[in-house]
Structures are given as C-alpha cells and as structure tokens.
1. For segment 54-59, what does the Karplus curve 6.51 cos²θ - 1.76 cosθ + 1.60, with θ = phi - 60°, yield as ³J(HN,Hα) per residue in whole Hz, taken in order and with x for Gly and Pro?
2. Suppose each label sits 7 Å from its Cα in the direction of the beta carbon; what would the residue 73-residue 112 distance come out to in nanometres?
3. Loop-only trypsin sites (Lys or Arg not before Pro) in segment 1-92, please: DSSP not H, G, I, E or B, and at most 11 other Cβ atoms within 10 Å.
4. Given points 7 Å out from each Cα along the Cα-Cβ axis, report the residue 24 to residue 81 separation in nanometres with one decimal.
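Derivation of every value follows stated rules applied to the coordinates shown; laboratory data play no part. Quick caveat, the model's predicted, so the values are computed rather than measured. So basically every Cβ, Gly included, is an ideal-geometry build from the backbone, and we count neighbours across all protein chains shown.
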Amino acid sequence: MELPAVNLKVILLVHWLLTTWACLVFSGSYAWGNFTILALGVWAVAQRDSIDAIGMFLGGLVATIFLDIIYISIFYSSFAVGDTGRFGAGMAILSLLLKPFSCCLIYHMHRERGGELPLRPDFFGPSQEHSAYQTIDSSDSPADRFASLENKGQVPRGY
C-alpha cells in the first residue's frame, strides 16, 4: 500500500491547530504533553537529515495517543458542558483520531531518512546519526591492545 506524500509541516500544522482548539477546554498536562511533542516535530522539520529527531517525534506522537485517551476519558464529562466545551472536546477527539494515521506517515518518513524499527537490544545505545564525522580510531586495529606486542614476543610489564 502506497502512502500519500504529505509534508511534515502539514502534519504539524494540523495537529497544532487541533491542539490549540482542544486547549480551549483541556489545559495543563494535555497542553504540555501535546505542545512538547509538536516542538519535537519542529526539530524534525529543522533537521531534515536527523533520524533521531523524526524518531523522537514518532515515539512522542505514539505516547500522546495513549495519554490523550486517558486524559479525555477522565476529564470529558466535566469539561464538555456548553458549546465551547463540546467544540474543544471534539477537536481533542479529532486530533486523537488523526494521530494513528499521522504516525503511519511519519514512520514512512523515518524509514526514508534511514531509520529502522527500534526493537533491538542496543536501542538505548549509540545514535543512528549518519554524518561526515569520522573517529580517530582505525578500524583495522586489533581488539586487544596488547595482541600485537604478544605476537612480537614482547609482553608489557605487570603481566
């Protein structure tokens, strides 16, 4: 199935607008959680080659799906009174319904940038960033720093 080509800026704009309207009713932790994740989205737009930025935005968006479900289910009945309350709650629900589709699109962008599914043992290990930076360690050096000395018959002191 081919996903439509959607710009990351459009996804951010739609979720920002819906979150702003939802904040007419839901504030506090709902606003902090969603606007923080949208800030990660701005970072992903600013650094087009960064796998970490788009990966963190994707992970944060998935987390806000669960947080929004909890927040809306707890506070819906107390805030959805009157026209403004129903409008704000409706925008929060609409944002929640669009987030899984947005996650699919962002995951596709993550794969285009060279990212992979983070289900591996070294997930919290080194970054996946690919840059022109090269370390000063040579790749052909032996794993044991004394291996070359032992081959020459020299053993360092203390052994």
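1. Each residue of segment 54-59 in turn: 5, x, 5, 5, 5, x Hz.
2. So the label points at residue 73 and residue 112 sit 3.4 nm apart.
3. Details: sites: 9, 48, 86; in loops: 48.
Passing both the DSSP loop test and the Cβ count: 48.
4. Spacing of the two 7 Å Cα→Cβ label points: 1.8 nm.
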